[in-house]
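Enquirer: Please find one structure pasted underneath; my questions will follow.
Just so it is clear, none of the values below were taken in a lab; they were calculated from the coordinates. Source: prediction; values computed, not measured. A quick note on method: Cβ atoms are made from the backbone with ideal geometry, for glycine too, and the neighbour counts reach across all protein chains shown.
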Amino acid sequence: MKKLSIFLFAAALVFTSCEKITEPGGTAIQDMAGDWWVTYENSLEEYDVLFGTGTTMPSADTLENWTWGDVYGAGVTRLLTYNTNANDADSMYIYDQKNFWNFMGKVPVSYNALTFGKNDSIPNLGYDINMVIRGGKILKGAATTPSGQAADSIIFYVGYSDDGYGFTFFKVSGFRRSGFPEDDF
């Protein structure tokens, strides 16, 4: 009986060691999801565009041509982009972790183009306001970290309905966190 038990145990080891191990897959937006170091910049040009006419919301192309600067002195903060619970290939969440304006929103994406944003306002899930996110892009390997390594870059424009001026836009840009201490802020 002891020999039979040893034989069965050895057979079980052989069968379990031959089991194929399956690698887990990524998410539907895995190249867009990440942990980012970003800066927020503001432009004084927007006041003429937005409040001179009072009717025109700037397009992403218009926003790209403005002159931007660090008006608020927020410095570098962390930002997250991640997939939805349903793992949709056409939307993702953006969350600033309460580092700048306490915003969290679900935005449409074009995964093949690595772009995101929406012309209309979206609800902020951080607290009860609306916001606009436009001209979002993930650029593969386009950034350089403080340690000199290549990293993915992120850029988008965000405006908030509760900023006192009505959708003043901020340029948000930065790079994907590398995980190396010399690249952290």
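Enquirer: Where in region 90-120 is the amide nitrogen less than 16 Å from a point lying 7 Å along the Cα-to-Cβ axis of ASP35?
Expert: Residues 95-99 fall inside that zone.
Enquirer: Please turn the phi angles of region 153-161 into ³J(HN,Hα) values with the Karplus equation 6.51 cos²θ - 1.76 cosθ + 1.60 (θ = phi - 60°), one per residue in order, whole Hz, x for glycine and proline.
Expert: After applying 6.51 cos²θ - 1.76 cosθ + 1.60, I find 10, 10, 8, 6, 10, 10, x, 10, 6 Hz.
Enquirer: Shifting gears a bit: What ranking of GLU182, GLU64, GLU41 emerges when the number of other C-beta atoms within 10 Å of each C-beta is taken as an exposure proxy, fewest first?
Expert: On the way: GLU182 10, GLU64 14, GLU41 18.
Result, fewest neighbours first: GLU182, GLU64, GLU41.
Enquirer: Count neighbours as other Cβ atoms within 10 Å of each site's Cβ, and list the trypsin sites (Lys or Arg not before Pro) in region 84-141 that are DSSP loop with at most 12 such neighbours. Before the final figure, lay out each step's value.
Expert: Numbers: sites: LYS98, LYS106, LYS118, ARG134, LYS137, LYS140; in loops: LYS98, LYS118.
Filter output for region 84-141: LYS98.
Enquirer: A further question on this structure: Could you pull out every residue, at least 5 positions away or on a different chain, whose amide H is within less than 5 Å of the one on LYS118? Hs are placed 1.01 Å off N in the peptide plane, and Pro or chain starts have none.
Expert: Amide H neighbours of LYS118, under 5 Å, 5+ apart: ILE133, ARG134, GLY135.
Enquirer: Here's something else I'd like to know. Given R₀ = 25 Å, FRET efficiency for TYR127-SER147 by Cβ-Cβ distance, to 0.05? Please report the intermediate quantities before stating the final value.
Expert: Values: r = 36 Å, r/R0 = 1.43.
For R0 = 25 Å, the calculated efficiency reads 0.10.
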